[in-house]
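Some notes on the structure that comes next.
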Amino acid sequence: MSKCWLHVFIAISVLLISGCNDRLDLEDAAFPLLGGYDLDEKNNLLTYVTVPEFSKSARKKTQELGVRAKTLQQARQQSDAYWPAVFQGRKMLVILVSKRLLAHVDWFRILDVFSRDAKNPLTCRMIMYDGPLSEVIYLNQQDQPFLPLLLRGMVDTKSGRSETVKTTFQDMHRLRFEKGKTPSIAEIRLENEIKLNGTALLDHQGKYADSLDAQETILLQILQNQAKHAVSLTLAIPGQAKRGPLNTDKLSFSTNKAKTHIKTAFHDGHFQFDLAVHLSIALTERLFPYDMHHKSTVLEKAIAEQLKKQFEGLIGKIQSHQIDPIGLGIHAQAFTYKPYKKVEDQWGRALSEANIHLSVTVTIEGVGTIK
Amino acid sequence: MKKYAYNEITLMQFICILSGVQLSVGLLALPQRLAQRAGTDGWIGLLLIWVFTVIANLIIVRVMSSYPQGTMMDLLTHYCGRWVGKIAAVLLALYFFLYGYVGITRTILYVKQWLLPQTSTFQIMLLLLIPTYTVARNGLRIVGRYAELVFFISLWIPFAYLLPLQDAQWLYLLPVLKEGWLPILSAAEIAFLSFSGIGITMVLYPFLLHKRQAFAGVAISNTVSMLVFLMISLICFVYFSPSEIKEYNEPVVNVLKNIEFKFIERIEVVFISFYLFMFSLSWIPTFHASAFCVSWMLGKPDHRNPLRVIWLILAAGTLLFMPSFTQNDMMGRWLSKIAFGFEDAIPVCLLIYLWTKKE
């Protein structure tokens, strides 16, 4: 008898309890792969999305849409109105922001929905575009993979060679609360084609401060100790004759090992950082004749000298903007906690007044297959 | 004569039940709470409270060993009379019920937040209660086997937590003792809830196959819990920046959101679903213990009827009232105060009482 009741009970529960009443059919969903955020002339928020189009009758494989809205949730509502489907943010690959938006303090707050709604991904790549976003979004190049995939591919492969930074939404979020390090994100420009330009440096409030090109980005990541193995740098060695229009004083190498030791101290009201960069390199290109056999230590010194100049240029840039993309503040916090805590809220200024000493040592491990 | 001979549990099962009860409630929010109190020094608080809990747990075992054939209620009846035993049974039943209730409601809140936002709490409660009943209606041995199973199928979880470490910033842990010991003591206090639940030893003890292993058992299970807490907290501390971690409600889950696989999106969903097994150990053994206490008080050998009553109270109760996250947190805070009374203060008093009585 009790068995029978049990079965009745199970049958009723199965009918009543189904976990699928919040399911969503694929036909009814639109998955934007790219979200773009911009401001118009009157500083209204503009939201762009790029959505792949699966319908057979559609001639274009993607659809783009731009709407004006106060918040992203509102933008979603408005974009919904254009599609026979509901928006799902969960496949977002790329967040594109314009330089105009980045000129405003705390712009990152408008992206709150990404961290609050558990359904949204945190791994979308953050990319800055220098200009109005509508230029890129509606570009629709025929002979290239479509925009979100193109941008994501650019960031992923180039950051693999340290030529740009792969800053995800989560990284941005982390740095927003971090006083000892400022964010840097990938930057693209439009020169007939979309081009990955390097890195945009942001300040403590998330405002745009300056841009770095590919080589500077590599140097930055060497200082951060995050340079991937085998990054490639090109330098001009002074004292080598230029011949004609060709720059035959150039030399390129790839690194086998790049390591930066950072020593932190606090003296007389100033922070002091000693950055010791050590590189083991293999030459990949040398456009001038050189007696490697006898004078390789001289060349090592020359390379170190040139690198040091470039590093110092980079640090000068950083200090003049009062930003800290290297993350020296984290070192200051770890090793000189008390004085750091006092200046924590103006770390950018404290760093601009800090003494940063730099030393570079280079060892040539290989010269390639020819002399 | 052995009263509980048919349901003896092995040392392994004992450890699994005890660690399971400890590891569930509060695991997901723990790193954030430690960080609130003591920044990245919070992990030292874990070590302090671990020492404290091991000692408290050893005291419980020491008390129990003076009447090895019975539970805490049997012991109190033996030394203090029938009524004291009955009152203890009621109080323990309420305590275990509350413990399980906080655990199961928190789990429902997590499920709603991360997995099934549009399913009603009542339905989720029913879905959780059905397997609860099927496991808990049997004797303690089955509960022990279930705990063992959960332990073994959860062994892979720590490895997944090593993946986010490639973005770790170990410097966040320095300097140790940033602001002195005071914040660390305060973090230890907040970690106390996570380590509570050892009171279940009072009911488990007579079922343990070899009583001499009880000391080792509680030491091992507390250490296992401590290691898991420590590992998870440290990973969250080095992954998030010290002020960012305070922004999350469940940093333990957020840390996983950044793992990217080509073949699966929202990897954390898999984890939350899997954590349900672990979380279930916060209410299955405790509801079982609660039902056991009630049936002991009524003098009946079968604990299934009280269990059914608990079942109905929970199912019907969710229709009327379901705590929100804040209310659940508040209940958790009460619970840790009550737990302090049951698991630390009372056993110490009893130990002193037993000593004076012997002399």
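The values are calculated or read from the model by the stated rules, or taken from the named source; none is laboratory data. Note that this is a predicted model, so its numbers are computed, not measured. All Cβ positions, even for glycine, are placed from backbone atoms using ideal geometry, and neighbour counts span all protein chains on display. Protein only, heavy atoms only, side chains kept; ligands, DNA and RNA dropped before computing areas. Shrake-Rupley method; radii C 1.70, N 1.55, O 1.52, S 1.80 Å.
Some observations on this one:
- The solvent-accessible area of A:ASP213, taken with every protein chain present and a 1.4 Å probe, is close to 80 Å².
- Euclidean distance between Cα centres, region B:41-107 to region A:211-238, Å: 61
- Förster radius 25 Å - calculated FRET efficiency between A:LYS56 and A:ASN140 (Cβ-Cβ, nearest 0.05): 0.80
- DSSP H segments from chain A that extend 15 Å or more along their own axis, Cα-based, with Kyte-Doolittle mean of 0.0 or above: A:2-16, A:147-160
- Simple Cβ-charge dipole of region B:225-340, Lys/Arg +1 and Asp/Glu -1, about Cα centre, in debye nearest 20: 440
- Between B:ILE346, B:ILE220, B:ILE184, the Gaussian network model of chain B with springs among Cα atoms under 10 angstrom shows the greatest mean-square fluctuation at B:ILE346.
- Cross-link pairs beyond the 24 Å C-alpha cut-off, checked among A:LYS250/A:LYS301; A:LYS181/A:LYS317; A:LYS158/A:LYS295: A:LYS158/A:LYS295
- Reduced Cα scattering model of region B:76-151, Debye log10 I(q)/I(0), q = 0.13, 0.25, 0.27 Å⁻¹: -0.59, -1.13, -1.16
- Note on chain A: Cα Rg divided by 2.2 N^0.38 Å, N the number of residues, gives 1.25.
- Here the protein assembly as shown has 60 percent of its accessible surface on carbon and sulfur atoms, given a 1.4 Å probe and all protein chains in place.
- Where both bridge residues fall in the protein assembly as shown, DSSP classifies roughly 65% of the beta bridges as antiparallel.
- The GluC sites (Glu not before Pro) of region A:271-365 meeting both criteria, a DSSP state outside H, G, I, E and B (loop) and at most 16 other C-beta atoms within 10 angstrom of the site's C-beta, are A:GLU353.
- Length added when fully stretched, A:ALA29-A:ASP345, from 0.36 nm per residue minus Cα-Cα: 109.3 nm
- Cα-based Kirkwood hydrodynamic radius, region A:1-115, one decimal, Å: 17.0
- Hydrodynamic radius (Kirkwood) for region B:282-359, which is based on Cα pairs only, to one decimal in Å: 15.3
- B:MET330 sits with roughly 80 Å² accessible to a 1.4 Å probe, with DNA, RNA and ligands left out of the calculation.
- Sites listed here are chymotrypsin sites (Phe, Trp or Tyr not before Pro) in region A:22-106 whose DSSP assignment is loop and whose Cβ has at most 14 other Cβ atoms within 10 Å: A:PHE54, A:TYR82.
- Considering all C-alpha pairs of region A:140-290, those separated by over 18 Å amount to 68%.
- Across q = 0.05, 0.07, 0.09, 0.11 Å⁻¹, the protein assembly as shown modelled as identical point scatterers on its alpha-carbon atoms has Debye log10 I(q)/I(0) values of -0.34, -0.63, -0.93, -1.17, in the order of the q list.
- Taken per residue, the accessible surface of chain B reaches 41 Å², heavy atoms only and a 1.4 Å probe.
- Percent of Cα pairs exceeding the 13 Å cut-off, where the set is region B:36-89: 67
- Taking only the Cα atoms of chain B, the ratio Rg/Rh comes out at 0.97, with Rh defined as the Kirkwood radius.
- Between helix B:325-340 and chain B: long-axis angle, C-alpha atoms, 0 to 90°, nearest 10: 50
- Inter-chain Cβ neighbour count for A:169-181, averaged per residue, equals 5 (cutoff 10 Å, partner chain atoms only).
- DSSP-defined antiparallel bridges as percent of all bridges, chain A, nearest 5: 65
- Centre separation in Å (Cα based) which lies between region A:43-110 and region B:149-176: 35
- Gaussian network model of chain B, springs between alpha carbon atoms under 10 Å - residue of B:GLY20, B:GLY103, B:GLY139 with greatest fluctuation: B:GLY139
- Protein heavy-atom accessible area occluded, A/B pair - total, 1.4 Å probe, Å²: 2900
- The ellipsoid equivalent to the alpha-carbon distribution of region B:2-71 has semi-axes of 33, 15, 8 angstrom, derived from the gyration tensor eigenvalues as √(5λ) and listed largest first.
- Lysine-lysine proximity count for chain B, Cα under 22 Å, sequence distance 8 or more or distinct chains: 13
- At most 14 other Cβ within 10 Å, DSSP loop - trypsin sites (Lys or Arg not before Pro), region A:237-289: A:LYS242
- Max mean-square fluctuation residue, GNM over chain A, Cα-Cα springs under 10 Å, options A:GLY269, A:GLY153, A:GLY327: A:GLY269
- Enclosed volume per residue, in Å³, of the convex hull spanned by Cα atoms of region A:53-124: 118
- Pairs of Cα atoms farther than 23 Å apart, region B:1-154, %: 54
- Rolling a 1.4 Å probe over the protein heavy atoms gives chain A an accessible area of 50 Å² per residue.
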